[in-house]
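Everything on this sheet refers to the single structure shown next.
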Amino acid sequence: MMPKPSGLAAAIAGLQWTTPAGAAPATSPIADLHHASARLIKQNSFRTIFRLQVAGHDLHLKQCRPHGIRAWLREWLRPPKALLEYRNLLRLRACGIPTLEPLGAGTIRNYGPGPSALLTRTVPGATTLSKFLESDLQRCGQAEQAQRRHALAAALGELLARLWSARICHDDLHPGNILLSWDDAKPQLYLLDVHDIRFDASPTALRNSLVLLNRWFALRASRTDRLRCWQSFIESIHTDDRPDPREIEEATLKSNMRLWRSRFDRSCGHNRHFQRLAFAGWRGFALRDVNIDELGSLLSNPHDALARGRILKHSRSSTVALIAIRLGGLDRSVVLKHFRRCSLGQRMRALFRPTACVRSWQNGQAFCDTMLATPRPIAVWQNVRFGLPGEGFLLQEYAPGVDLHAALDQCNCPKLRYRLIDAAARFIRLMHERGWSHRDLKAANFLVSWTADCPNITLIDLVGAHRNANVSAKRRIRDLARLNASFLRDPRISASDRLRFLRTYHNWGLHGKTAWKTWWRQIAQLTQAKAEQNKRRRRVLR
């Protein structure tokens, strides 16, 4: 028997090609594909992407495969995905929308769904917009970063305006589906993955497309850069039908909240992001990219690792230690937290809600999803007997830094103290805006590191964090009062500093001085009540 072709040969085997009008396959690069030099770029269950060098041409070939029953059913009802994308590319270029140059679409002529391939010309020196913003831009100097961010905001606004004016809707519009290349200091943007493009779309569909893109930038870009993009978008629109920015912002927050809510339970499942753990009376979860064999000794005997580590915290309920392990082929410092054996009452409550260690695991993953700085949990496991949980362990990344009290000691001038106060207020405001509250928001649960006199805030110990659809004013005031209690008798924090914190938290520059005196009085009352409670219980107020 002849061996089955693999790689590029398998991707193009048996394909019949459709090419643009006036381009004959015999004179195009398609005729020499079997002799191409191929490099694998990306591969998953849905598609495989090759970069080809053939007859002096630099090309990309994307093989699409129907995966799953829904994909197979769609293939029966519509053309193959590669052919659909090929037609959309031609139509977009005819409308003046920058996108890839299609050279051909290959399909298999049979009576059922099958693989298909799209051949496009490579854009020299291009990368996805998401990769550039998350990694490449960070390697530039501050002045160059600002210049490129401003140019990108304007170019992105112009691209969105073209789509809006032409009533073209991209149902998966995010920076990973936008290609970026630079012509000197001028950015060039191209649409990718356009098989689901809709022409003559309704205003609602166009608005939803803007919301989808804004959902990514709302978590990563500054308000100023997003405003610059919006102004470029509005100035470039050639129709009278223009979206309302307030509606876009409100819809973006609601969309993000729905996304985060849908992802919350996946950290306690078996999927492409997480895996279950089960061994010798222990049950738990870990990140999918973690090699469990590397954690074998730690999982089976965590008490030894805890004893060898450097103790960071020791209390009645838990012990936290810094340990060294080998993970991903590298020696890494990580944090191991031991949750002591539950009481019988706590075990019974675990029948109705997750235990403290599982809540820390879920909340940590959810905080990372919402782009709130916290050490990412790596694994969690707890002892289970007769269906009831006992002691548990949480392994998470190590975040260097000092708590807020020690960070204040590092502020050798008022300017640094002001920056620290503003950073803490902004962090808590973002946490509340993104649907999270924390009943134990004390100074010891904030870690601060400095980068060029700019403080970076990280929140730890998320057992007391709670997810809300909308954080009420009562919960917000409670959180602020708990943090205020940590500095109740601290001479370094004046009344003016507390007012500065409240001003930044409420964002007076955007929303004005909304009922700040009421908040001030209620925070003071709850702070005093917390101090008296700790005094009665003979506990130190931290």
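The values are calculated or read from the model by the stated rules, or taken from the named source; none is laboratory data. If you're wondering where the values come from, they're calculated on a predicted model, not measured in any experiment. With ideal geometry, Cβ positions are generated from the backbone for all residues, glycine too; neighbour counts draw on all protein chains shown.
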With respect to Ser209, determine if the residue is in contact with a His (Cβ under 7 Å, 6 or more places away or on another chain) and not aliphatic (A, V, I, L, M). yes
Identify all residues within the stretch 351-384 that are among the polar types (S, T, N, Q), outside any loop (DSSP other than H, G, I, E, B) and over 18 Å from Trp436 (Cα atoms); write none if there are none. Gln382, Asn383
Out of the residues in the stretch 379-392 that are buried (at least 23 other Cβ atoms within 10 Å of the Cβ) and among the hydrophobic types (A, V, I, L, M, F, W, C), state the one that is farthest from Asp461 (Cα to Cα). Trp381
The listed residue being farther than 25 Å from Trp260 by Cα, outside any helix (DSSP H, G or I) and either assigned by TED's automatic domain parsing to the domain that holds Arg51 or aromatic (Phe, Trp, Tyr) (or both), out of Pro187, Pro113: Pro113
Looking for something more than 32 Å from the chain's Cα centre (by Cα) and within 21 Å of Asn177 (Cα to Cα) - is there at least one such residue anywhere in the stretch 60-79? no
Which one of Phe264, Phe285 is in contact (Cβ under 8 Å) with a residue 24 or more places away in the chain, closer than 26 Å to Pro389 by Cβ, touching an Asp or Glu at 6+ places or on another chain (Cβ under 9 Å) and not assigned by TED's automatic domain parsing to the domain that holds Ala166? Phe264
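Does any residue of the stretch 103-113 turn out to be out of contact with any helix residue (DSSP H, G or I) (no Cβ under 6 Å at 6 or more places or on another chain) and closer than 15 Å to Asp193 by Cα?
So far as the stretch 103-113 goes, no, none of its residues is out of contact with any helix residue (DSSP H, G or I) (no Cβ under 6 Å at 6 or more places or on another chain) and closer than 15 Å to Asp193 by Cα.
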For Arg417, state whether it is modelled with pLDDT of 95 or more and either crowded, with 18+ Cβ neighbours inside 10 Å or assigned by TED's automatic domain parsing to the domain that holds Glu294 (or both). yes
Members of the stretch 193-233 that are out of contact with any Ser or Thr (no Cβ under 8 Å at 6 or more places or on another chain), farther than 16 Å from Ala151 by Cα and part of a helix (DSSP H, G or I): Pro203, Thr204, Ala205, Leu206, Arg207, Asn208, Ser209, Leu210, Leu213, Arg220
Within the stretch 249-293, how many residues are over 20 Å from Pro377 (Cβ atoms), of a type in the set (Asp, Glu) and out of contact with any helix residue (DSSP H, G or I) (no Cβ under 8 Å at 6 or more places or on another chain)? 1
From the residues in the stretch 497-542 that are within 25 Å of Leu408 (Cβ to Cβ) and among the hydroxyl-bearing types (Ser, Thr, Tyr), which one is surrounded by the fewest Cβ atoms within 10 Å (Cβ to Cβ)? Thr504
Pull up the stretch 180-203, narrow it to residues that are in contact with a Cys (Cβ under 9 Å, 6 or more places away or on another chain) and buried (at least 19 other Cβ atoms within 10 Å of the Cβ), then point me to the one that is modelled with the lowest pLDDT. His195
Within the stretch 73-121, restricting to residues that are surrounded by fewer than 24 Cβ atoms within 10 Å (Cβ to Cβ) and among the basic types (Lys, Arg), the one that is nearest to Pro20 (Cα to Cα) is Arg87
How many residues are more than 30 Å from Ser262 (Cβ to Cβ) and touching an Asp or Glu at 6+ places or on another chain (Cβ under 9 Å) when one looks only at the stretch 443-462? 4
Test: residue in the stretch 299-312 that is without any contact (Cβ under 8 Å) to a residue 60 or more places away in the chain and in contact with a Lys or Arg (Cβ under 8 Å, 6 or more places away or on another chain): no
Would you pick out the residues in the stretch 285-331 that are of a type in the set (D, E, K, R), in a strand (DSSP E or B) and within 27 Å of Phe264 (Cβ to Cβ)? Lys313
Inspect the stretch 477-496 for any residue being over 26 Å from Leu416 (Cβ atoms), touching a helix residue (DSSP H, G or I) at 6+ places or on another chain (Cβ under 9 Å) and not assigned by TED's automatic domain parsing to the domain that holds Ser317 and give the result as yes or no. yes
Is it true that some residue in the stretch 329-346 is within 30 Å of Ala221 (Cβ to Cβ) and modelled with pLDDT of 90 or more? no
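Is it the case that some residue within the stretch 350-360 is of a type in the set (Lys, Arg) and within 21 Å of the chain's Cα centre (by Cα)?
yes
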